[in-house]
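I have placed the structure first, in the form of structure tokens, so that the comments after it can refer back to it.
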Amino acid sequence: KGPKVLEFNVRFGDPETQVILPMVDEDLVPALLASAKGEPMPDSLRFKEGAAMVVVLASAGYPESYPKGEVITVPAIFPEGSDLVHAGTKRNEAGDTITSGGRVLGAVGMGASLQDAAERAYALCDQVHFKSKYLRRDIGYRELERA
């Protein structure tokens with residue numbers, strides 16, 4: 001009875017890592033090198049105050065059948081406190097960024113609160129375009145309702 005361990009992951013997950021890395025408030029390389037060399041790692045890492053949230057921009061139809069090769073347009077300057085992480089993208093022969101997978105991009109918002117982070121993530125989502133773009137508009141809503 002009770003929970004059972006099914007799997008141990010010792011890697012960064014996707015899309016979880018996209019909200020963890022921007023919040024790390026120190027150089028992560030020494031800890032990663034220590035791990036790779038089998039040396040002792042720090043007991044903890046420092047994290048920034050605030051919150052981060054990622055919204056996955058997927059191709060409609062994902063995880064089943066979805067289109068590939070659609071040109072992606074992004075703003076020249078991202079909204080403050082936001083970043084875009086590429087996943088299912090590549091460049092075509094003309095140099096355009098195009099879709100090549102189901103989970104295309106991760107729009108990350110960072111702010112003083114989860115509400116700020118959500119607003120920034122969705123502001124960036126609204127400025128990214130490709131024909132079959134699909135995203136959920138309910139990410140973080142349970143936590144936002146509690147705030």
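See the values below:
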read-out	value
Near pairs, Cβ below 9 angstrom, 6+ apart or cross-chain, from region 134-147 (in contact (Cβ under 8 Å) with a residue 12 or more places away in the chain and surrounded by 12 or more Cβ atoms within 10 Å (Cβ to Cβ)) to any residue that is among the hydroxyl-bearing types (Ser, Thr, Tyr) and assigned to a loop (DSSP other than H, G, I, E, B)	Tyr134/Tyr62; Tyr134/Tyr66
Those residues of region 69-82 which are assigned to a loop (DSSP other than H, G, I, E, B) and either under 14 Å from His129 (Cα atoms) or free of Cβ contacts under 8 Å to residues at least 24 places away in the same chain (or both), in sequence order	Gly69, Glu70, Ile72, Val74, Pro75, Ala76, Ile77, Phe78
Residue check for Pro63: free of Cβ contacts under 8 Å to residues at least 60 places away in the same chain, within 21 Å of Asp14 (Cβ to Cβ) and exposed (fewer than 13 other Cβ atoms within 10 Å of the Cβ)	yes
Residue in region 21-49 that is farthest from Ser113 (Cα to Cα), counting only those that are hydrophobic (A, V, I, L, M, F, W, C) and free of Cβ contacts under 8 Å to residues at least 12 places away in the same chain	Ala36
Among the residues listed as Gly61, Gly88, Gly50, the single one being at positive phi and either among the basic types (Lys, Arg) or under 18 Å from the mean Cα position of the chain (by Cα) (or both)	Gly50
Residue count, region 47-65 (criterion: assigned to a loop (DSSP other than H, G, I, E, B) and either of a type in the set (Phe, Trp, Tyr) or in contact with a helix residue (DSSP H, G or I) (Cβ under 6 Å, 6 or more places away or on another chain) (or both))	2
Verdict on Leu135 being over 18 Å from Tyr66 (Cα atoms) and touching a helix residue (DSSP H, G or I) at 6+ places or on another chain (Cβ under 8 Å)	no
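Values quoted throughout were computed directly from the atomic coordinates according to the rules given, and no laboratory measurement underlies them. On a predicted model such as this, the values are computed, not experimentally measured, just so you know. We place every Cβ from the backbone using ideal geometry, glycine too, and count neighbours over all the protein chains shown.
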